[in-house]
Amino acid sequence: MSKRKKRTLFVALALLAAAAAAGVLLSGRDKPTPIMTALVERVPLLRAVVTASGGIRAKESVDIQAEIAGVIVDLPVREGDRVTKGQVLLRIDPFQTEADVKALRAQALAAEADAKGFEKQVATAQADLARNDALQRSAEADLVQAEANWQRAESSRKRKEELVAKGVISSDECERAQAEEKAARAQVDSAKGRVAQEEAQVRSSRLAIEQIEASHDAALARAEAATVAMRRAEDLLGKTTIRSPLAGVITSLNVEKGERAVPGILSNPQATLMTVADLTTIQAELLVDETDIVQISPEASVQVTVDALPEAPLKAAIAEIGNAPVVKGAGGSVSAASSSTQEGKDFLVRATLENPPASLRPGMSCEGEILTKTRENVLVVPLQALTVREVPVDEADRYLPPEPASDRRELRAETRASRPVTRNPGRRKELQGVFVKEGDGRVRFRPVKTGITGEMDAEVLEGLSGGEEIAIGPYKALRHLEEGARVEVDNSKFRRFAKAKEKPEES
């Protein structure tokens, strides 16, 4: 075979292979995608509901814990008993506490007696001080008198010395005057000694009073401390008898007579002896996701379904909406959540039940439906029809659909005239919308603006007018559906979703 024939044959085979590949590709593209559809319809009422799980709790509930350790010697109540406020719930053996009270009472009495003894000593020391003060004043008066006598004797001596010098009197009289002067001076020295002695006695009395008063103050302090210790012991003695802090029902009893009560601390739940709850007001504690809590208002109505009573939903009213996130702990208890965690957070909502049945018990699990908003006569689409696509948009972030085919230009002429657009192939944005099935067997993406969300439907505010046939599933097909894709409607194998966000199931 010549080279020219070989080249011709090779080109022909290549053309045949390309034609076959193109045929396979075109046949794959033209294969329609099976979908499930529904009509955009108007409903008389749409209810936006937030669903949350939680538990039944009494509005007032107290865990009874002992404050002292001891053996339970009396337990006059049983689980389920109704009790009144102040009623005796149990008694702990008081022997040790009574002994402590007696010992501390004796110490307090002894300290008070000591204080009274020091009071008497202070009075005695003050009397001694008064006597010594009087003696000091008497000694000072004697000193003044002695000094006056000394001055007279001194003047007499001087005069007689002058008279002796003049020869008027004899020297004997002068000598007597000198002796009298010495005697007067000695009396002055003696009086000064007595004054100094009495002053020392007064100072000593005052120091003694200060010491006794300090001892008296110390005795008073000891007496007060002993009295405080005695009162504390009396308080502990009173706590050997535990009384109900409120009227209610014994919802749990964790001890028996003869067991040892352990002082309760928060980290030791086993220290709880019993629980008393006021069952006249029952609440549902619901944990609401952080994405839903902003929709709930105090005026919202609540319907609570207790797991143990599924056939009897209960009406409730919002009593409290938590402002801080919480976490659910063991036994259904809730506590504040750490602000550092990045996990989804729940907020506590308390709803008071209206006319709770007698069979309701605290601790039962429940689910609440909180009605946040309602709309009447609204256009809706099934929730599963909503999807998000990254699509080209104009400068005003409006969707730019692909250029219509030639046979549909007249159909879109009015739309293009009413909404002139400036195309920018590089500008894209994620928009929420639905896929509308059109008469040519293809689907077109239609952006929609939604309002409130019900259990199965979403309110349509913009983008649809009603009556359109839209794709609602299957989930995998809807996830990968593209603009202009050929579809084939098959609603025989699927039923409408039973709940919002639930994947379609075969009927």
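The values are calculated or read from the model by the stated rules, or taken from the named source; none is laboratory data. All figures in this text were calculated on a predicted structure; none of them were measured in a lab. Neighbour counts run over all protein chains shown; Cβ positions are idealised from the backbone, glycine included. Ligands, DNA and RNA are excluded from the accessible area calculation, which covers all protein heavy atoms including side chains. Shrake-Rupley method; radii C 1.70, N 1.55, O 1.52, S 1.80 Å.
Taking the listed residues R57, R78, R47, R42, the one that is at pLDDT 90 or above, open to solvent by 90 Å² or more (accessible area, probe 1.4 Å) and within 29 Å of L246 (Cα to Cα) is R78, with no other qualifying.
Does segment 107-126 include one or more residues that are basic (K, R), in contact with a helix residue (DSSP H, G or I) (Cβ under 6 Å, 6 or more places away or on another chain) and over 30 Å from S190 (Cα atoms)? Working first, answer last.
Of segment 107-126, the ones basic (K, R) are 116, 120.
From what is left, the residues that are in contact with a helix residue (DSSP H, G or I) (Cβ under 6 Å, 6 or more places away or on another chain) are none.
No, the conditions are met nowhere in segment 107-126.
Quick one: in segment 98-137, which of the residues that are under 28 Å from Q197 (Cβ atoms) and in contact with an Asp or Glu (Cβ under 7 Å, 6 or more places away or on another chain) is most open to solvent (accessible area, probe 1.4 Å)? Among them, the one singled out is L135. Comparison of L104, L109, L135 shows that the only residue that is more than 60 Å from the chain's Cα centre (by Cα) and modelled with pLDDT of 85 or more is L135.
Yes/no matrix, rows are residues, columns are (1) out of contact with any helix residue (DSSP H, G or I) (no Cβ under 9 Å at 6 or more places or on another chain); (2) farther than 30 Å from L89 by Cβ:
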site	(1), (2)
S205	no, yes
Q211	no, yes
A225	no, yes
M230	no, no
L237	no, no
T241	yes, no
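Residue under question is I242, and the condition is that it be in a helix (DSSP H, G or I), in contact (Cβ under 8 Å) with a residue 24 or more places away in the chain and surrounded by 17 or more Cβ atoms within 10 Å (Cβ to Cβ); does it hold? No: the conditions fail for I242.
Looking for whichever is within 30 Å of F118 (Cβ to Cβ) and in a helix (DSSP H, G or I) here; the options are Q178, Q187, Q145, Q201. Which one fits? I'd like the intermediate steps shown before the answer.
Working: Q178 fails: within 30 Å of F118 (Cβ to Cβ); Q187 fails: within 30 Å of F118 (Cβ to Cβ); Q145 fails: within 30 Å of F118 (Cβ to Cβ).
Residue meeting the stated conditions: Q201.
Remark: pairs (first residue in segment 131-142, over 10 Å from V202 (Cβ atoms); second residue open to solvent by less than 70 Å² (accessible area, probe 1.4 Å) and in a helix (DSSP H, G or I); Cβ separation under 6 Å; 6+ apart in sequence or on different chains) = A139/V195; A139/E198; E140/V195; D142/A191.
Taking the condition under 30 Å from A99 (Cβ atoms) and open to solvent by 40 Å² or more (accessible area, probe 1.4 Å), does V262 pass?
On the way: under 30 Å from A99 (Cβ atoms): yes; open to solvent by 40 Å² or more (accessible area, probe 1.4 Å): yes.
Taking the combined requirement at face value, the residue satisfies it.
Taken over segment 424-441, the criterion of being touching a residue at least 40 places away in the same chain (Cβ under 8 Å) and crowded, with 17+ Cβ neighbours inside 10 Å is satisfied by L431, G433, V434, F435, K437. Within segment 154-165, residues that are closer than 10 Å to E181 by Cα sit with their Cβ atoms under 6 Å from residues that are at pLDDT 80 or above and among the aliphatic types (A, V, I, L, M), at 6+ positions apart or across chains, in these pairs: S156/A177; R157/A177. Within segment 100-112, does at least one residue satisfy the condition of being touching a residue at least 40 places away in the same chain (Cβ under 8 Å), in contact with a His (Cβ under 7 Å, 6 or more places away or on another chain) and part of a helix (DSSP H, G or I)? Scanning segment 100-112, I find no residue that is touching a residue at least 40 places away in the same chain (Cβ under 8 Å), in contact with a His (Cβ under 7 Å, 6 or more places away or on another chain) and part of a helix (DSSP H, G or I), so the answer is no. Within segment 364-377, the set of residues being more than 20 Å from E311 (Cβ to Cβ) and either open to solvent by 10 Å² or more (accessible area, probe 1.4 Å) or among the aromatic types (F, W, Y) (or both) comprises L371, T372, K373, T374, R375, E376, N377.
Looking at I68, I72, which is the one that is more than 30 Å from M456 (Cβ to Cβ), at pLDDT below 90, open to solvent by less than 90 Å² (accessible area, probe 1.4 Å) and hydrophobic (A, V, I, L, M, F, W, C)? Lay out the reasoning, then the answer.
On the way: I72 fails: at pLDDT below 90.
From the options I68, I72, the qualifying one is I68.
Of the residues making up segment 144-185, those that are within 29 Å of A196 (Cα to Cα) and open to solvent by 90 Å² or more (accessible area, probe 1.4 Å) are V144, Q145, Q151, R152, E180, K182, R185.
Looking only at segment 390-415, count every residue that is at pLDDT 50 or above and farther than 23 Å from L481 by Cα and tell me the total.
Taking segment 390-415 and keeping what is at pLDDT 50 or above, we get 390-405.
Still in the list and also farther than 23 Å from L481 by Cα: 395-396.
Residues in segment 390-415 being at pLDDT 50 or above and farther than 23 Å from L481 by Cα: 2 in total.
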